[in-house]
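Beneath this line is the structure, given in structure tokens, with notes to follow.
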């Protein structure tokens, strides 16, 4: 599904990242990815540059520090993933739920996002200032 393009507004300078917290690794079908694709298509139809990241495909270490390799982890994909989040104007987290609980991957992502919440931008504002955040949830 694609939204019609609008000529009244220009969103081509905006970047969005969708962080898919499914438990299914690529290329397995993910209902969360399917729902996220609807919003991605709407944004792309409006000229927004959209990146989709399936978090489970990356070795993101547990913790709340910017780079957990400095705290004993062998691997941590978070520093590179953080660069994408930081560059985005719009951050959308997608997760399945079961029995009212978000996925473990989503919990890990929220921990890592929280760990960066004390950082500041070039203007001295908290790093999330001016960003749009959203959540998409799938489940039964």
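The values are calculated or read from the model by the stated rules, or taken from the named source; none is laboratory data. Since the structure is predicted, the reported quantities are computational estimates derived from the model, not experimental observations. So basically every Cβ, Gly included, is an ideal-geometry build from the backbone, and we count neighbours across all protein chains shown.
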Test: residue in segment 81-100 that is under 16 Å from residue 32 (Cβ atoms), touching a helix residue (DSSP H, G or I) at 6+ places or on another chain (Cβ under 8 Å) and surrounded by fewer than 18 Cβ atoms within 10 Å (Cβ to Cβ): no
Some residue of segment 63-79 being in contact with a strand residue (DSSP E or B) (Cβ under 8 Å, 6 or more places away or on another chain), surrounded by 15 or more Cβ atoms within 10 Å (Cβ to Cβ), modelled with pLDDT of 95 or more and not in a helix (DSSP H, G or I): no
Residue 32 being touching a strand residue (DSSP E or B) at 6+ places or on another chain (Cβ under 6 Å), closer than 17 Å to residue 137 by Cα and at pLDDT 95 or above: yes
For residue 59: the one exception among (1) more than 20 Å from residue 119 (Cβ to Cβ); (2) exposed (fewer than 14 other Cβ atoms within 10 Å of the Cβ); (3) in contact (Cβ under 8 Å) with a residue 40 or more places away in the chain; (4) within 16 Å of the chain's Cα centre (by Cα): (3)
Every residue from segment 74-117 that is under 11 Å from residue 64 (Cα atoms) and either within 10 Å of the chain's Cα centre (by Cα) or without any contact (Cβ under 8 Å) to a residue 24 or more places away in the chain (or both): 109, 110, 113, 117
Residue ID - surrounded by the most Cβ atoms within 10 Å (Cβ to Cβ), chosen from residues in segment 16-52 that are touching a helix residue (DSSP H, G or I) at 6+ places or on another chain (Cβ under 7 Å) and in a strand (DSSP E or B): 20
